[in-house]
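Since every read-out is calculated from the coordinates, none of them should be taken as a lab result. Here the structure is a predicted model, which means the values were calculated and not measured. As a convention, Cβ positions derive from the backbone with ideal geometry for all residues, glycine included, and neighbour counts pool all protein chains shown.
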Amino acid sequence: MSAHMSLRPAGSRDDASPIALRDRRRISTWLFVICFMLIGQIALGGYTRLTGSGLSIMDWRPVTGIIPPLSHTEWERQFALYQTIPQYKILHDGFGLAGFQKIFWAEWTHRFWARVMSLALLAPLVWFAVTGALTRGLIARLLLYFVLGGLQGAIGWFMVASGFDQNSTAVEPVRLVLHLGCAFALYIAILWTALSVRTPRAAFIPATAAVVRTKRLVWCATILIGITITAGGFTAGTHAGFSYNTFPLMDGRLIPHGYARLSPFWLNWFENVPAVQFDHRLLATVTALAIGACLFAGLRTPQLGKPAQDALMLMGWAVLIQYALGITTLLLVVPAWAGTVHQTWAAVLLTIAIVTLHRLRGVGRV
Ligand code: HEM
């Protein structure tokens, strides 16, 4: 927050925002909590997928589904349903009711957390709206996020349903990526709103050539993070992390044998395991280099100001950690903990990139 704003008494309105300062703090803190909960949900989603738990609840009851089985008969009914799908026979055959309950609770917790989040968004939204703390524009935007959250639940079900098919033992990779991509898109939107409510007035940064170049680089790096995350979704969806468990070579070669096995060529990027894994490695490397370029340009440009430079430094550390987590996941052949941390840290890296872009909003703006 700028010194200009902090000099104003609590409850006063800043020129750039019709919302009172005290309310802005409360509203943005609430939205940051939602963001934090969303990162938790991304982690839970990763854990559910990596433990093979995602197909354990075979019906979709958005409201009453909050109640887990309460009797032995109901547990048996749910288990019997699960035993009819191919995944049970291939992945979990003979694991008994206790084994089923374990995977059930993972999926149930993922769905439960989604319901808790929707309440955590709706209840304060109604309160803030009724007490006049929100502008009409913000109410409309937050209601839209609520609806999109519901849609995300429906997309989740659309993904899960693809795993019940008689010919499949897992969900369709494209649907997995859709579910993951929409989660990240909604997360970015809520985070951006939270940041903008907290700091409606962007700090002025002179639009020198070096500043403009750095901002463009940060945009490129952020888009690359998004593309690498999508490629990570296909890596997870096709189970590509379970082969070629060496780095940097894949089966002794830089570009794996059989990269272009499928025809038409573009199909390899989505369905061909060696190509999918190679692409994710390559994109991750290009992303890390792009962030390195942002740092190189940004740290030599004092006009950017300390907040933007600090964010750039964090981005550098975050991508190094993410790269190392990716290699760890691969070399250890995707244990649930490593895959979950790798997926969750992708959200942290994206968060830092969005915060950096937000701090660069004021380039050329007086
Ligand atoms: C900027 C760097 C990176 C980003 C943003 C990133 C992002 C992601 C994401 C989001 C996923 C999970 C997608 C999902 O669960 O649906 C994933 C999966 C994966 N990534 Fe990365 N990744 C990066 C670097 C790397 C590197 C360097 C490697 C290894 C060389 C790697 C190996 C893997 C593997 C093996 C999986 C599949 C794990 C599984 O089945 O759960 N990643 N990545």
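Computing FRET efficiency as 1/(1 + (r/R0)^6) for Ile321 and Thr246, where r is the C-beta to C-beta distance and R0 is 22 Å, gives about 0.55. Taking the C-alpha atoms only, the angle from helix 209-237 to the longest principal axis of the chain is near 20 degrees. Partners of Lys102 within straight-line reach, counting aspartates and glutamates whose Cα lies under 19 Å from its Cα and excluding those fewer than 8 residues away in the same chain: Asp59, Glu74, Glu76, Asp93. Residues whose amide H comes within less than 5 Å of that of Val363, counting only those at least five positions distant or on another chain, are Ile205 (H built at 1.01 Å from N in the peptide plane). For Lys215, go through the lysines and keep the ones whose alpha-carbon is under 18 Å away, minus same-chain ones fewer than eight residues off. The qualifying lysines are Lys306.
Charge dipole (Cα centre; +1 on Lys/Arg Cβ, -1 on Asp/Glu Cβ; no other charges) of the range 8-201 amounts to roughly 960 debye. Simple point charges give the picture: +1 on the Cβ of Lys and Arg, -1 on the Cβ of Asp and Glu, and for the range 202-366 a dipole about the Cα centre of about 660 debye. Taking the average, over residues, of other Cβ atoms within 10 Å as the packing measure, peptides 66-79, 202-215 rank 202-215, 66-79 from highest down.
Taking each residue as 0.36 nm, the span from Arg25 to Val212 lengthens on full extension beyond its C-alpha to C-alpha distance by 64.3 nm.
In plain terms, the bigger the Kirkwood radius, the slower the diffusion; for the range 202-366, with that radius from Cα pairs, at 25 °C and 0.890 mPa s, Stokes-Einstein puts D at 146 µm²/s.
Rounded to the nearest Hz, the phi-derived 3J(HN,Hα) couplings of the range 170-178 under the Karplus curve 6.51 cos²θ - 1.76 cosθ + 1.60 (θ = phi - 60°) are 8, 6, 5, x, 4, 6, 4, 5, 4, where x marks glycine and proline. Each residue of the range 90-107 was assigned a 3J(HN,Hα) from its phi angle through the Karplus curve 6.51 cos²θ - 1.76 cosθ + 1.60 (θ = phi - 60°); the sequence is 7, 9, 10, 3, x, 7, x, 4, 4, x, 4, 4, 4, 6, 4, 5, 5, 5 Hz, with glycine and proline shown as x. Only helical runs count toward this figure. For the chain, summing -39,500 (n - 2.57) over DSSP H runs of n ≥ 4 and dividing by all residues gives -23000 deg cm²/dmol at 222 nm. Normalising the average separation of contacting C-alpha pairs (under 8 angstrom, six or more residues apart) by the number of residues puts the relative contact order of the chain at 22 percent.
When the Cα positions of Gln101, Ile39, Leu50 are compared along the charge dipole of the range 8-201, Ile39 comes out farthest toward the positive end, with charges on each C-beta of Lys, Arg, Asp and Glu.
Centre-to-centre separation between the Cα atoms of the range 213-280 and those of the range 91-160: 30 Å. Using only side-chain charges placed at the Cβ, +1 for Lys and Arg and -1 for Asp and Glu, the dipole size of the chain relative to its Cα centre rounds to 1560 debye. Taken over the range 8-201, the convex hull of the Cα atoms encloses 116 Å³ per residue. Could you give the angle, 0 to 90 degrees to the nearest 10, between helix 306-331's Cα long axis and the longest principal axis of the Cα atoms of the chain? Rounded to the nearest ten degrees, it is 10.
How big, in percent, is the set of alpha carbon pairs in the range 97-146 lying more than 17 Å apart?
More than 17 Å apart: 49 percent of the Cα pairs in the range 97-146.
Quick one: pull the percentage of alpha-carbon pairs in the chain with a separation above 25 Å. Within the chain, distances greater than 25 Å cover 61 percent of Cα pairs. Compared with the dominant Cα axis of the chain, that is its longest principal axis, helix 136-161 is turned about 20°. In order along the range 21-38, the phi-based Karplus estimate (6.51 cos²θ - 1.76 cosθ + 1.60, θ = phi - 60°) of 3J(HN,Hα) comes to 3, 4, 5, 4, 5, 5, 5, 5, 4, 4, 5, 5, 4, 4, 4, 4, 5, 5 Hz; Gly and Pro are listed as x. Fully extending the segment from Ile90 to Thr109, taken as 0.36 nm per residue of separation minus the present Cα-Cα distance, adds 4.4 nm. The gain in end-to-end length when the Glu271 to Glu76 segment is fully stretched comes to 66.6 nm, 0.36 nm per residue minus the alpha carbon separation. Averaging the Cα positions of each part gives two centres, and for the range 293-361 and the range 45-66 these lie 30 Å apart.
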